[in-house]
Amino acid sequence: MSNEVNVGLIGFGTIGAGAVEIFNKNQELLNEKTGKKLVLKKVADLDITSDRGVKIEPELLTTDVNEILNDDEIDIVIELMGGYEPARTFILKALNNGKHVVSANKALIAKHWEELIDTATKNNVRILFEASVGGGIPLLTPFNEALSSNRIDSIYGIMNGTANYILTKMTEEGLDFDSVLKEAQEKGYAEADPTFDIEGHDTAQKLIILTKIGFGEYVPQENFTVEGITKITPTDINFANNELDYSIKLLGIAKKINGNLEIRVHPTFVPKTHLLSSVNDVYNAVYLVGDFVGPVLLYGQGAGRMATASAVMGDVIDIVLNPEKEINYGPKTSQIAKVKKIEDLNAKYYIRLTAVDQPGVLYKVGEVLKKYNIGIESMTQKGNSDKQPVPIILVTHHANESDIEKALGEINNLDVVKGETIKIRILD
Ligand code: HSE
């Protein structure tokens, strides 16, 4: 790279504007850190007229992405448009044209990992995506640098700010899911269509990236269980917090057990003594355990304009400083013998079912659990006077998920059981 390094930005949205702001405010620092003159040469977006709240010279703006992709003077392309296409095509073209790429596009990276990394390798350029997982929190870089000498044993992450905000507010205010989601949307903490966040897909994409980097194993989303938080009720929150000593968190879990990998995303009862239990509101955190370093907690803002732009610009600086660095995305050889099926999980479970309030109900439920050898740690039924169906809460001893599933299938068929039964896995 010459003494002047030119950067092209594709996508002038929230994070793109954040990156421009860092150029505006920290230009001197960027130059000092890289020892070069770092120049934002072009910004491409279909909309170049709306005010993004940052200063930008109008001649930098273009609606034609090829002004970046085909410009031989541009060394680094920042892709912040999101989505699969045309982002994938643009990134591949940038890499094939010999440009380094920085992206925050977790969906694309999680899905097209091999193609993107192979294309970068083939062209002797780098593709970095620190901002794709945990926004501003340094998450991928530590795996590849300070933690490199470790084999990773486990990764537990709260990686979706929207879901964490909703669960926190449900806990603090005793409100139901729909009311809190509405409030979150009004405050801008949840999208108009929040499906991706609340159904766990966003967490799953981030977990795919972390699992590849941590364990060298690429697991596509269709190969693991992903459950969201939409079925959590105030009854569950209240029971977890007040009758037991747990918080409910949406966790992405990737964990090595006897050489095999457990990988899953679901709401989880997290003991209040665990550090992840106190990660609240829109904050994210990843708790990992390495074989030598032991437990490490990485905590911070997992989203937001400036925090995410901070990670993007960190990658840009890394590329300027180390343009030749061999691509290092975790262990080259997978550390995993096989990916376990969720049916083989062994855990404790919280189970909430709804049943008519009459003598013999608990006996019938207990009979089914006994048939599948599921031990009960506690069983609670709060009766009412008007004989309406009531929640029955069970906490099991360790049991196999396949037995739990079979038992719940039979319990749901009991004539005394009404409505949907839900289970929440409990973190050991
Ligand atoms: N939508 C994500 C969240 C942020 O709510 O955490 C971007 O990954």
Qualifying residues in the range 288-317 (those that are among the charged types (D, E, K, R) and open to solvent by 30 Å² or more (accessible area, probe 1.4 Å)) - the one modelled with the lowest pLDDT:
R305
Among the candidates G82, G35, residue that is of a type in the set (G, A, S) and open to solvent by 40 Å² or more (accessible area, probe 1.4 Å):
G35
Can you tell me which residue is nearest to the chain's Cα centre (by Cα) among those in the range 338-377 that are under 29 Å from K249 (Cα atoms) and free of Cβ contacts under 8 Å to residues at least 24 places away in the same chain?
K341
Any residue in the range 160-174 that's among the basic types (K, R): show its pairings with residues that are near the ligand (Cβ under 8 Å from one of its atoms) and open to solvent by 10 Å² or more (accessible area, probe 1.4 Å) at Cβ separation under 7 Å, as long as the two are six or more apart or on different chains.
none
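Need at least 1 residues that are at pLDDT 95 or above and of a type in the set (K, R) per element, so show me which helices (runs of 4 or more DSSP H) inside the range 146-257 make the cut, counting only ones lying wholly within it. Quick ask: steps written out before the conclusion?
Numbers: elements: 161-173, 177-186, 195-198, 201-215, 234-238.
Once the helices (runs of 4 or more DSSP H) in the range 146-257 are filtered for at least 1 residues that are at pLDDT 95 or above and of a type in the set (K, R), what remains is 161-173, 177-186, 201-215.
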Taking the range 379-413 as the region of interest, how many residues are open to solvent by less than 40 Å² (accessible area, probe 1.4 Å) and either of a type in the set (A, V, I, L, M) or in contact with a strand residue (DSSP E or B) (Cβ under 9 Å, 6 or more places away or on another chain) (or both)?
13
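Determine whether the range 113-123 contains at least one residue that is in contact with an Asp or Glu (Cβ under 6 Å, 6 or more places away or on another chain) and either within 17 Å of V7 (Cβ to Cβ) or more than 16 Å from the ligand (Cβ to nearest atom) (or both).
Quick first cut of the range 113-123, residues in contact with an Asp or Glu (Cβ under 6 Å, 6 or more places away or on another chain) only: none.
No, because not a single residue in the range 113-123 is in contact with an Asp or Glu (Cβ under 6 Å, 6 or more places away or on another chain) and either within 17 Å of V7 (Cβ to Cβ) or more than 16 Å from the ligand (Cβ to nearest atom) (or both).
Tell me which residues, restricted to the range 155-174, are away from the ligand (no atom under 15 Å from the Cβ) and crowded, with 18+ Cβ neighbours inside 10 Å. Before the answer, list the steps.
The first filter runs over the range 155-174 and keeps only residues away from the ligand (no atom under 15 Å from the Cβ), leaving 155-156, 170-174.
Selection gives I155, Y156, M170, T171.
Against the definition (open to solvent by less than 50 Å² (accessible area, probe 1.4 Å), in the same structural domain as N97 (by TED's automatic domain parsing), touching a residue at least 12 places away in the same chain (Cβ under 8 Å) and within 12 Å of the ligand (Cβ to nearest atom)), how does A131 come out, yes or no? Lay out the reasoning, then the answer.
Numbers: open to solvent by less than 50 Å² (accessible area, probe 1.4 Å): yes; in the same structural domain as N97 (by TED's automatic domain parsing): yes; touching a residue at least 12 places away in the same chain (Cβ under 8 Å): yes; within 12 Å of the ligand (Cβ to nearest atom): yes.
For A131, the condition - open to solvent by less than 50 Å² (accessible area, probe 1.4 Å), in the same structural domain as N97 (by TED's automatic domain parsing), touching a residue at least 12 places away in the same chain (Cβ under 8 Å) and within 12 Å of the ligand (Cβ to nearest atom) - is met.
Name the residue, out of F196, F177, F143, that is under 24 Å from L276 (Cβ atoms), aromatic (F, W, Y), touching a residue at least 12 places away in the same chain (Cβ under 8 Å) and within 16 Å of the ligand (Cβ to nearest atom). Step through it out loud before you land on a result.
Values: F196 fails: touching a residue at least 12 places away in the same chain (Cβ under 8 Å); F143 fails: within 16 Å of the ligand (Cβ to nearest atom).
Exactly one of F196, F177, F143 is under 24 Å from L276 (Cβ atoms), aromatic (F, W, Y), touching a residue at least 12 places away in the same chain (Cβ under 8 Å) and within 16 Å of the ligand (Cβ to nearest atom), namely F177.
The values are calculated or read from the model by the stated rules, or taken from the named source; none is laboratory data. All values reported here derive from a predicted model rather than from experimental measurement. Glycine gets a Cβ as well: all are built from the backbone with ideal geometry, and neighbour counts include every protein chain shown. SASA here: full protein model, heavy atoms, side chains in, ligands and nucleic acids out. Shrake-Rupley method; radii C 1.70, N 1.55, O 1.52, S 1.80 Å.
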